[in-house]
Amino acid sequence: MYRQSNQTSAVLQRPRSFNEAIVRDQYEVLEDIGHGAFGRVKLARHRLTGAEVAVKVLRKVAHNLPVLSEPDVMRTLEHPNVIQLFQVIETHRNIYIVMENAAGGELYDHVPKCGLQEEEARRLFRQIAGAVSYCHDKGVVHRDLKPENIVMDGRGNPKLIDFGFSARFTSGQKLNEFWGTLSHFAPELVLRQAYEGPPVDVWSLGVILYFMLTGKRPFRGPTDEEMLRQIVLAMYRIPPHVPIEAGKLIHRILAVYPRKRPTVKQILQHLWLREGEQYLPHDSSEAPLKHPDTEIMTILFDMGYDPYKTWVSLAKRKFSMTMATYLILQHQKSQGPGCMFQGKPVPPRVKPRPCLLDLSHSPVLPKRSPSEPALCTFPFPCELLLPEGAKQSGQKGIRSASLPATHLHCLPSRTPAPDRASQSDSGQPHANRKLWKRVTGRIAACVRQLDRAS
């Protein structure tokens with residue numbers, strides 16, 4: 001799934017356990033799935049949900065300094081064709097980047113020797129270019145785009161990975177770091193000239209499109225020197241089976257002079273990519289949800305997470321343990337009905353608080369006293385104004401949410417407690433009252449926190 005940046009295959013190793021408790025308590029390592037010049041990538045299982053995730057381990061050593069900013073870049077990206085970040089765990093020795101596991105493998109392995117069919121190549125390239133355009137809009141240049149750094153998810157959609165060589169840029173800014181993969185180097189990198197970031201990514205997109213349609217890279221030779229000479233002179237041949245319009249697009253992209261290359265947005269408007277209604281441009285930079293998903297918030301509450309702290313973690317984008325659990329559940333939910341909690345979760349070291357009773361199936365609800373708020377009309381914390389203390393630095397403010405009132409209830413746990421199975425119906429009202437007091441007590445605590453913060 002993950003390969004080294006010099007195009008050699010990933011070195012698969014025997015699984016090693018995470019040797020730091022803060023990580024080991026949350027994730028169980030399953031196997032090593034990749035090894036590169038700067039770190040290892042492991043397949044792990046999130047203990048609370050049972051979801052499989054990819055964990056990139058970066059050592060805090062001198063030669064890794066150029067790539068230690070990768071998690072900071074990934075925090076700013078949220079796009080369906082960019083690998084999703086779940087959590088960042090930083091210790092004295094390592095940085096652990098927890099991401100979704102795109103189990104479909106690398107794009108490189110999906111392209112046959114003669115290239116993809118035109119329709120499939122167009123579909124995939126459209127999504128890849130859309131993701132790169134989104135990154136550029138966010139002020140991020142990837143700088144190591146190649147088929148090995150594009151993985152396929154379970155639905156056959158591509159996702160960009162490995163932002164270790166990425167950088168932030170502003171319009172007109174010149175960069176002077178020269179790294180990446182030789183066969184995808186733009187001419188200005190070969191010549192060691194200061195360069196603007198986006199045109200370098202555009203050149204790499206041209207190499208990727210050529211590879212997708214032909215199964216080969218446009219620049220290749222018996223030696224690295226010969227390959228670099230071909231790049232500087234833009235010497236390549238397009239096979240006759242490549243569609244004419246696609247060939248024209250490749251010629252436009254692989255222009256020696258950066259200023260003659262189209263932007264990614266211009267590429268997306270090209271006639272070949274727009275062919276067919278299903279390939280018409282769409283707004284890929286979807287606005288993130290303004291409010292947390294109430295169903296997921298209810299599940300987290302049932303697990304024992306504090307709603308207020310969960311809400312603040314999401315608002316401030318902390319990518320903490322709480323936010324990771326929310327994002328993993330959200331990712332599972334996006335896969336379709338029945339995809340949440342697939343498989344049996346590994347027993348967590350930090351165990352969630354079990355739910356005693358499912359109120360949604362209770363025949364009788366206890367009467368509440370006048371001082372107790374009705375659950376059906378009490379808003380989640382995500383519906384209230386974020387207090388000053390929870391705002392991000394430099395943020396002017398966040399509007400009060402306007403979600404409708406939400407019914408709070410505990411979802412049925414996967415495995416009932418032993419004493420619950422033998423519980424008689426006559427004991428349910430007493431259990432309901434205890435659960436009611438616990439729920440209202442937690443809500444009251446949240447209100448007190450909001451009052452103090454305001």
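Observations
- Placing pseudo-labels 7 Å out from each Cα toward the beta carbon at Thr294 and Thr91 gives an inter-label distance of 4.1 nm.
- Links that overshoot a 31 Å alpha carbon limit, given the list Lys42/Lys248; Lys60/Lys113; Lys56/Lys138; Lys113/Lys333: Lys42/Lys248; Lys60/Lys113; Lys113/Lys333
- 13 Å reach of a label modelled at Glu20, 7 Å along Cα-to-Cβ, counting backbone N of the stretch 78-117: 88-98
- Backbone N under 14 Å from the Glu31 label point (7 Å along Cα→Cβ), restricted to the stretch 82-123: 103-105
- Rough spin-label spacing in nm, given labels placed 7 Å along Cα→Cβ, for Asp137 and Val256: 3.5 nm
Coordinate-derived values only; no laboratory data. Bear in mind the structure is a predicted one, so any value in this text is a computation, not a measurement. Reconstructed Cβ throughout: ideal geometry from the backbone, glycine too, with neighbour counts over all protein chains shown.
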